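See below for the structure under consideration.
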Amino acid sequence: MMLFVEKLWFLVIFLGVHVQSQNISIEQIIPARIELQELRLNALHQVILIYNSQPELKTINPFKVKTTTNMSYTSSLPVLVVANQKTQVSAWSTPLAVETSLKGSTLYFDTVSKILCHDSMDAIINSDFSIKPLQIAQRFIIALSTSSARDVYVSVELEEQKDFYVELDRSYSLLVSPSEPQYVFFKFDENTSDTIVIEVDSKDDICLTVSVQDCHCPVFDMNKDIKYEGIHQTINLNGAITLARRQFPNGFFLVFVAKPDNYECSQSSSYIPRMMRTVSISTVNITSKVNFKIRNNISGRDYVLAVVGTFVILTAAGVVLVIIALVFHRYGTISKNTYNDVVVTDYFEVLSEEQITGLLKSDYLTVSQFSRNPKRIKKRSYNYLSHTLSIALFYSIPVVQLVVTYQRIVNQSGNEDLCYYNFLCAHPSFGFSDFNHIYSNIGYVMFGIIYIFVVLDRHRLVKLRKEKGIPVHYGLFHAMGVALIIEGLLSSCYHICPSQSNYQFDTSFMYVMAVLSMIKLYQNRHPDINATAYTTFTILGGAIFMAMIGILNGSLAIWIIFIVFYSALVVILSFKIYFLNFVLDGLKQLKRDIQKKGIGVDTFNPIRKARFILLVLANLANYSFLIIGLLLYSTNITDFGTFLLGLLLGNAVIHTIFYTCMKLIHNERICFEAICYGLLSLGCWAGSAVFFLDNATLWTVTPAESRQWNQACILINFFDKHDVWHLLSAPALYFTFMYLMCLDDDIIDILRESIFLTGEYHL
């Protein structure tokens, strides 16, 4: 008893240092029951409430201390509240001053509550408190003081937290405000799986911080300190946290704190510039009704079944596809190949001015005129492979280093706002927070390897040739297969920690695959004048650079600069395609025609009308893409990186459709293999597009807004819709590449002198 009195007087002296001790009147109150206390305070009158022997204190439930005062009298000289327990002290002021996101702006809350962490928490954790056998007495000393010379009236209420120990698969509701945080406790038991999911939702658009902290006092439950402990994330309407049992083996505190405004949950705090932003709110009446539920996630056995089952299915599908390709090679269209000329010599020579003029004036162009140098074509084709491998190596190393560092920061800091996961379907494993989105990219790697194997087999059967069929470009095919593999690896890296700053990791090799597909189609019939790997990857590097600038600073000025440069590129490419890469010679010829005939219809009448019309249509399509992209960006529907990817993919699709149509126009048939692969690719693309368009995350907004898109798993309780997109788009790319490789198999034995260029048709 003597020790208790000494502690009490020490506390009183500590609280009263701001006034002269000889003038202080200290009133001690020992309530008979736990009930509301109405108190009067001033600078010379302090009150101490002693809760020591009340029967209600014999419980394992913690208590909440709630203090209320009149703000108009005490905002500048608040009531100081100190709650002394056996092993800890908690202190706050009433009204509570909470700083907002606006510099110099502070909100005051006249009602403040604080849950006092149970002094015997360690004993409770180590016992089977689910049947509540313990009756542990608690003791509180609540001291209140103020520096106000006027009387201040404050009410104090001690409330038992009867639903403090939450259970699995039960729904709970709490009222949370910036001055009245809430927290509960959950303990793992034999019914709990290796991982659990905490689902949180609220119909009030109030920005909250949800934190999971280890089950030791004190609990960090104020806006200023909640991010210093455990795992935390911001939410406004929906949120979820996935936890592994090993992270908190003794259980955890689940803490909810409301922000004083919506800045951290609104686009005002986004790192990515947006045309339209949401407005953060600022009001004193900030109270959110939070609903939450803790449920089991999948077990370790389910992990193994999902991982191994997916691998087995993909491997079986790969074996079947390899067998089909081998059968096609040996019994399909190319098996009828009778051409055995494998000894090829180049007769490379620079075209004379008369020859170039003849080509420009000719309206009957064939592949033989643009495939005079087979060995040079082969070397240029393999340049694409070497460039792809070099870029993949030097691009991937810093990417891996960066995203692994991101994951380590997430693990150490507990800040789940750093990465944009689908938290309702994020399965942690091997140190990664979202292993399923990493693993679902395995399809890209496997189908890329299969494609390279099929190309090697085809290369063994169809050698380099000079007189018949479309010139082979195996180096370019290998580059496409490598790009597919690297896309899987980089997409996996991106999904280690998806964020606003590394989205280009997921898309860079999509750009590469789109451009390689277009290069392949153009190279089929223009091998001598096709773009070199150096030029192609230089332009690609510029595109990726523009994507980075557009993501970091997607202002209207960036869009204008991009539109100007892209328009110039489209015009240059149009001239090169129409004038067969002899642009200067073509312009000189046009100048001579103007000098000879004057300016008239005959002068500008295009010799190759079909090619001219197709180029005009392609230009219109590209300018339409630019206008649509700018409109979508201005309404926050898309971002610069996604727009650029759509622009390249759109051109690849247009080029493929155009090439296929021109084959049919020239009475070239589409062989059976190409039809099969084409239909399979269309089916996979259609299926995957459905899942791609239904987003489970949205990295262009804030983490809290992105969580509103989160969705539950849909496939074997392990994969979500984006995972299904990965699993379907991988074979879709494989079938597309196979379609491009088989597209001209029907003319493998046709003399090149009889094969028209694409875009050549008499109108």
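The values are calculated or read from the model by the stated rules, or taken from the named source; none is laboratory data. Everything quoted here is computed from the prediction, not taken from an experiment. In this analysis, Cβ positions are derived from the backbone assuming ideal geometry, glycine residues included, and neighbour counts consider all displayed protein chains.
Residues are listed down the side, and each one gets a yes or a no for (1) assigned by TED's automatic domain parsing to the domain that holds residue 366; (2) in contact (Cβ under 8 Å) with a residue 40 or more places away in the chain; (3) more than 30 Å from residue 237 (Cα to Cα):
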residue: 627; (1), (2), (3): yes, no, yes
residue: 654; (1), (2), (3): yes, no, yes
residue: 663; (1), (2), (3): yes, yes, yes
residue: 670; (1), (2), (3): yes, yes, yes
residue: 694; (1), (2), (3): yes, no, no
residue: 707; (1), (2), (3): yes, yes, no
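Counting the residues of the stretch 182-237 that are among the polar types (S, T, N, Q), over 19 Å from residue 168 (Cα atoms) and surrounded by fewer than 22 Cβ atoms within 10 Å (Cβ to Cβ) gives 1. Against the numbered list (1) modelled with pLDDT of 85 or more; (2) in a loop (DSSP other than H, G, I, E, B); (3) more than 30 Å from residue 184 (Cβ to Cβ), residue 60 comes up short only at (3).
Of all residues in the stretch 670-697, those satisfying the criterion of being modelled with pLDDT of 90 or more and in a loop (DSSP other than H, G, I, E, B) are 670, 671. Note on the stretch 331-450: enclosed helices (runs of 4 or more DSSP H) holding 3 or more residues that are modelled with pLDDT of 90 or more are 374-413, 435-439. Looking at residue 91, is it outside any loop (DSSP other than H, G, I, E, B) and in contact with a Phe, Trp or Tyr (Cβ under 9 Å, 6 or more places away or on another chain)? The answer is no for residue 91. Here residue 120 qualifies as touching a residue at least 40 places away in the same chain (Cβ under 8 Å) and of a type in the set (Ser, Thr, Tyr). Out of all the residues in the stretch 44-55, which are outside any strand (DSSP E or B) and either under 56 Å from the mean Cα position of the chain (by Cα) or outside the structural domain of residue 155 (by TED's automatic domain parsing) (or both)? Passing the criteria: 52, 53, 54, 55. Considered as a group, the residues in the stretch 97-112 that are under 29 Å from residue 252 (Cα atoms) and over 38 Å from the mean Cα position of the chain (by Cα) include one that is modelled with the highest pLDDT, and that residue is 112. Quick check: anything in the stretch 169-186 outside the structural domain of residue 107 (by TED's automatic domain parsing) and free of Cβ contacts under 8 Å to residues at least 60 places away in the same chain? No; the residues of the stretch 169-186 include none that is outside the structural domain of residue 107 (by TED's automatic domain parsing) and free of Cβ contacts under 8 Å to residues at least 60 places away in the same chain.
Mind checking whether some residue in the stretch 638-655 is polar (S, T, N, Q), closer than 28 Å to residue 508 by Cα, surrounded by 13 or more Cβ atoms within 10 Å (Cβ to Cβ) and touching a helix residue (DSSP H, G or I) at 6+ places or on another chain (Cβ under 6 Å)? Within the stretch 638-655, one or more residues are polar (S, T, N, Q), closer than 28 Å to residue 508 by Cα, surrounded by 13 or more Cβ atoms within 10 Å (Cβ to Cβ) and touching a helix residue (DSSP H, G or I) at 6+ places or on another chain (Cβ under 6 Å).
Residues of the stretch 92-103 include none that is in contact with a Leu (Cβ under 8 Å, 6 or more places away or on another chain) and basic (Lys, Arg). Only a single criterion out of (1) more than 26 Å from residue 455 (Cα to Cα); (2) surrounded by fewer than 22 Cβ atoms within 10 Å (Cβ to Cβ) is not satisfied by residue 746, namely (1). Residues that are more than 14 Å from residue 494 (Cα to Cα), aromatic (Phe, Trp, Tyr) and surrounded by fewer than 22 Cβ atoms within 10 Å (Cβ to Cβ) within the stretch 431-453 comprise just one, 453. Restricting to the stretch 624-636, and then to whatever is surrounded by fewer than 14 Cβ atoms within 10 Å (Cβ to Cβ) and within 30 Å of residue 659 (Cβ to Cβ), can you tell me which residue is modelled with the lowest pLDDT? Ranking the qualifying residues of the stretch 624-636, first place goes to 631.
Screening 220, 186, 129, 164 for residues that are farther than 26 Å from residue 67 by Cα, aromatic (Phe, Trp, Tyr) and modelled with pLDDT of 90 or more leaves exactly one candidate, 186. Checked against the criterion of being outside the structural domain of residue 228 (by TED's automatic domain parsing) and under 15 Å from the mean Cα position of the chain (by Cα), the stretch 441-459 contains one or more residues that satisfy it.
Just a yes or no: is a residue in the stretch 498-511 within 26 Å of the chain's Cα centre (by Cα) and without any contact (Cβ under 8 Å) to a residue 40 or more places away in the chain? Looking for residues that are within 26 Å of the chain's Cα centre (by Cα) and without any contact (Cβ under 8 Å) to a residue 40 or more places away in the chain, one finds at least one in the stretch 498-511, hence yes. Evaluate the stretch 643-650: report whether one residue or more is farther than 18 Å from residue 515 by Cβ, under 27 Å from the mean Cα position of the chain (by Cα) and outside any loop (DSSP other than H, G, I, E, B). No - not one qualifying residue is present in the stretch 643-650.
Here the helices (runs of 4 or more DSSP H) wholly within the stretch 522-608 that include at least 2 residues being surrounded by 14 or more Cβ atoms within 10 Å (Cβ to Cβ) and among the β-branched types (Val, Ile, Thr) are 533-552, 556-578. In the stretch 418-430, what residues are buried (at least 22 other Cβ atoms within 10 Å of the Cβ) and not hydroxyl-bearing (Ser, Thr, Tyr)? Those that are buried (at least 22 other Cβ atoms within 10 Å of the Cβ) and not hydroxyl-bearing (Ser, Thr, Tyr): 419, 422, 423, 425, 426, 427.
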